1. Looking at region 74-89 only, could you name the residues that are open to solvent by less than 20 Å² (accessible area, probe 1.4 Å) and under 14 Å from the mean Cα position of the chain (by Cα)?
2. Does region 90-101 contain any residue that is touching a residue at least 24 places away in the same chain (Cβ under 8 Å), open to solvent by less than 30 Å² (accessible area, probe 1.4 Å) and closer than 17 Å to GLN31 by Cβ?
3. Which is at pLDDT 95 or above, within 14 Å of the chain's Cα centre (by Cα) and either more than 13 Å from LEU103 (Cα to Cα) or open to solvent by 30 Å² or more (accessible area, probe 1.4 Å) (or both), of THR11, THR26?
4. Going residue by residue through region 39-48, is there one that turns out to be out of contact with any Phe, Trp or Tyr (no Cβ under 8 Å at 6 or more places or on another chain), of a type outside the set (Asp, Glu), under 25 Å from LEU89 (Cβ atoms) and open to solvent by 20 Å² or more (accessible area, probe 1.4 Å)?
Amino acid sequence: MEYICRGEAETEALGQRLAGTFAPGTVLAFQGGLGMGKTAFTRGLARGLGYPGRVTSPTFTIVNEYDSPGQRLPLFHFDMYRLSGPEDLFDIGWEDYLDRGGLCAVEWSERVTEALPEGTVFITIARRPESEDWRSVTLEGR
């Protein structure tokens, strides 16, 4: 499925709209370069799940957890950019996160492809030729 987003606000709105369609335990593997909108999409996911707080990229912390009372599912937001490979996932408790039944949003997933579970949904975000701010968001998988 492909969506066209005409700016960051639409990318975030798409994430918010789709948040309710993902089952507990779903892994979303983002692919796309720096500044493509992976974190904007994840902010939308958090809003769609009912998280009212601030959502930021976990670049230096590797994972941010978003969970509040009344939220449909917890959201675990990973940034794998600083990892050297899937073996580093054991140090952050990857398997524990998968078992917790939340939604796992994984930026720079290509660094840990071998560790992604069956049924992972791949989300590719790419710049559109019409405008610097437009994005093509493609979902593949379950």
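The values are calculated or read from the model by the stated rules, or taken from the named source; none is laboratory data. Because the structure is a prediction, the values reported are computed rather than measured. Ideal geometry is used to build each Cβ from the backbone, glycine not excepted, and the neighbour counts take in all protein chains shown. Keep in mind that these areas ignore ligands, DNA and RNA; they rest on the heavy atoms of the full protein, side chains included. Shrake-Rupley method; radii C 1.70, N 1.55, O 1.52, S 1.80 Å.
1. Scanning region 74-89 gives LEU75, PHE76, HIS77, PHE78, ASP79, MET80.
2. No, region 90-101 has no match at all.
3. THR11 is the lone residue from the list that is at pLDDT 95 or above, within 14 Å of the chain's Cα centre (by Cα) and either more than 13 Å from LEU103 (Cα to Cα) or open to solvent by 30 Å² or more (accessible area, probe 1.4 Å) (or both).
4. Scanning region 39-48 turns up at least one residue that is out of contact with any Phe, Trp or Tyr (no Cβ under 8 Å at 6 or more places or on another chain), of a type outside the set (Asp, Glu), under 25 Å from LEU89 (Cβ atoms) and open to solvent by 20 Å² or more (accessible area, probe 1.4 Å).
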